[in-house]
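The values are calculated or read from the model by the stated rules, or taken from the named source; none is laboratory data. Here the structure is a predicted model, which means the values were calculated and not measured. Methodologically, a virtual Cβ is constructed for each residue, glycine included, from the backbone with ideal geometry; neighbour enumeration extends over all protein chains shown.
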Amino acid sequence: MTRETASGAWVDAGALEALPEGKPTLLRHEARRLAVVRTAEGVHAIDDRCPHEGYPLTQGTVDGTELTCCYHNFKFDLRTGACGRGESVPVFETRTRAGRVEVFVPAPDPQAERAAAWTSLAQGIDERREGQMARDLVRLLQTGVEPAALAAYAAAYDADRGPWGSSHVLAVAADAVPLCARYGGTAAVRPLMQCFELCAESNVRRPPRAAAPAIDPGPDPQAAELRYRAAMEAERVAEVEGLIRGAVARGWGRAALEPWLLGPPCAHFLGFAHGLIYATKVFDLIDAGGHAEALLVGVALQQVNATRDDVLPAWGWWRSAVDAVRPELAPMWSLCRGWIDTPAAPGVDEALVEALLDGDRRAAFDAVVERLGKGRIDAVLDALVIAAAERMRRFDPAIDADETVQDGWLDVTHIFTFAQAIREAVARYRRPEVLLLTLQAARMVQNARVLDRAAFEPAPAEEVGPDGAELLRAALAAGDVARVEGLVRGWVAGPVPTAGLRAIFEDLALHDHLTRPAVVVHLIKTTAAVFAEYERRPGDARPLAALARLAAGPIRERFIGQRVHEAVRFIVHGKVPRLLT
């Protein structure tokens, strides 16, 4: 007999004397399965599904008030549901009336279920429990939480704990949002887990970072920006963080604060391009999923703590060259502004591409300056992207496999994603100093020439028919680099829509083709950047050919051998790591 109430139902579990002591009994109520256990101290009821993987707890064993799941030896306290190894199991109130046991099954409460899932999700990140994170993400999606809010949560969790600010979690969270829309429903957990896996790997048992107090920036965003930039230049970390927090407290949003984050990467080549890449993604993620203060602080801290690569000795010639053209930035910008919003020109400036790829550093630098002097920012941006794609396509995988050098696939992908981020920055940060980014990229592209293969002729296009998708997936699975590139070139040249091509590469990044989180997120990030550029210039297969080489080629995912080599080289021989670039 069931007694309904406004908040749930008392469900009859049978006569007290009929319940065997120390042995779970199954009780069903609508879609719920409960395990009812009579012990020496009373009757207890818990959910029958082990929260670990869902196996029935009614098949477990009882010792006093402890129930052990027989499948993986997880042990649960029947009084509280607590488990020392992971998620707790829900417990239910019991009572005995007229010799019969009743169990109270509360009515579904989406808000309570959502709150419990959020708490469990944070625990899963803290303990790096992938299954727990995935289950809680599904629960949250089922209760109506938007995928973008979950992606932003992962990035904010990382930003709040990272000692130096945001990491690649932010980038992959931003790139996961459109993937969630394509997957839809609870299937969105697949792209979301890429964010959470990396977040958990980086933040195991790491407490939130001590927050700097907010600093009121005053009523004028432009005056406040000058103060912020001075603090950033002087690396006054607490002031940088405080000003960001104070600006958010004043209600300043993207219009006021995006220049704060885009300016520093123009002034310095920050952290091997991460400073700009994160700055171009963070506001899109905030707009989609929230967590403005945490994410803005995370990016600001990443920038102020990042290595200023441009002050290193190897950049000396570049600094001198930039100083010589700095007075011309404002006149160049006045000419360039008219080209920013123009549609893509019919062709790419191949002479500029050639100078970037095959010229010396002076030739590459001067070629960019010459186009900027004519106001052709459009030509510069297109050439930088194409040259960066070619540099990636030409990359020698043998270098990636060589544990005696630090250069590898992950580094060379940054050449392309940085070039693509510059296009985003130019569209948003309309100030003369944004042109300095193109000069940073010119150096980056030209300097990586040493990473090229000895022979890097493009694979010939292969005609793609109705079975093109199956052939491409098979070639990717087999690591047939030449055929993957040939099929991609044929796909671009043929009549088959490229939407299916994009889905193949997106799925590849999400279906465990690669396994280490840092490597996976670089493939996701590069795939997103490649197709953003391809959509701008759909007739040019070079970005997709570069992605084909990355996706199909061998990629080193573990770096223990390299770390060992560098440790011996440093401690025994006093040598620094070997970088070809």
Worksheet item: In segment 457-474, which residues are touching a residue at least 24 places away in the same chain (Cβ under 8 Å) and in a helix (DSSP H, G or I)?
Response: Gly468, Ala469, Leu472, Arg473
Item to complete: Kindly list the number of the only condition in (1) at pLDDT 95 or above; (2) in the same structural domain as Trp252 (by TED's automatic domain parsing) that fails for Ala321.
Response: (2)
Practice prompt. Count, please, the residues in segment 279-326 that happen to be more than 17 Å from the chain's Cα centre (by Cα) and not aliphatic (A, V, I, L, M).
Written response: 16
Worksheet item: For segment 401-436, which residues satisfy the criterion of being of a type in the set (Asp, Glu) and within 22 Å of the chain's Cα centre (by Cα)?
Response: Asp407, Asp411, Glu424
Worksheet item: So which residues in segment 309-324 are of a type in the set (Phe, Trp, Tyr) and free of Cβ contacts under 8 Å to residues at least 60 places away in the same chain, if there are any at all?
Response: Trp317
Fill in: Selection within segment 53-96 - part of a loop (DSSP other than H, G, I, E, B), of a type outside the set (A, V, I, L, M) and closer than 16 Å to Gly22 by Cβ
Gly60, Gly64, Thr65, Cys69, Cys70, Arg79
Worksheet, complete the sentence: Residue pairs qualifying under the 8 Å Cβ cut-off, at least six apart or on distinct chains, with the first in segment 346-362 being outside the structural domain of Ser320 (by TED's automatic domain parsing) and more than 13 Å from Arg443 (Cα to Cα) and the second being of a type in the set (Ser, Thr, Tyr) and at pLDDT 95 or above, are none
Worksheet item: Out of segment 10-28, which residues are surrounded by fewer than 17 Cβ atoms within 10 Å (Cβ to Cβ) and part of a strand (DSSP E or B)?
Response: Asp12, Gly14, Ala15, Glu21, Leu26, Arg28
Discussion item. So, Ala454, is that one of a type in the set (A, V, I, L, M, F, W, C) and assigned to a helix (DSSP H, G or I) or not?
Written reply: no
Response to the item:
Only unsatisfied item for Val521, checking (1) part of a helix (DSSP H, G or I); (2) β-branched (Val, Ile, Thr); (3) under 22 Å from the mean Cα position of the chain (by Cα); (4) more than 27 Å from Ala442 (Cα to Cα), is (4)
Worksheet item: Which pairs have Cβ atoms under 7 Å, sit 6 or more apart or on different chains, and link a residue in segment 264-293 that is farther than 19 Å from Leu226 by Cα to one that is part of a helix (DSSP H, G or I) and among the basic types (Lys, Arg)?
Response: Phe283/Arg254; Glu293/Arg245
Worksheet entry | Sole exception among (1) surrounded by fewer than 14 Cβ atoms within 10 Å (Cβ to Cβ); (2) outside the structural domain of Leu26 (by TED's automatic domain parsing) for Glu93, by number | (2)
Worksheet item: Across segment 440-461, what is the total count of residues that are of a type in the set (Val, Ile, Thr) and over 24 Å from Gly539 (Cα atoms)?
Response: 1
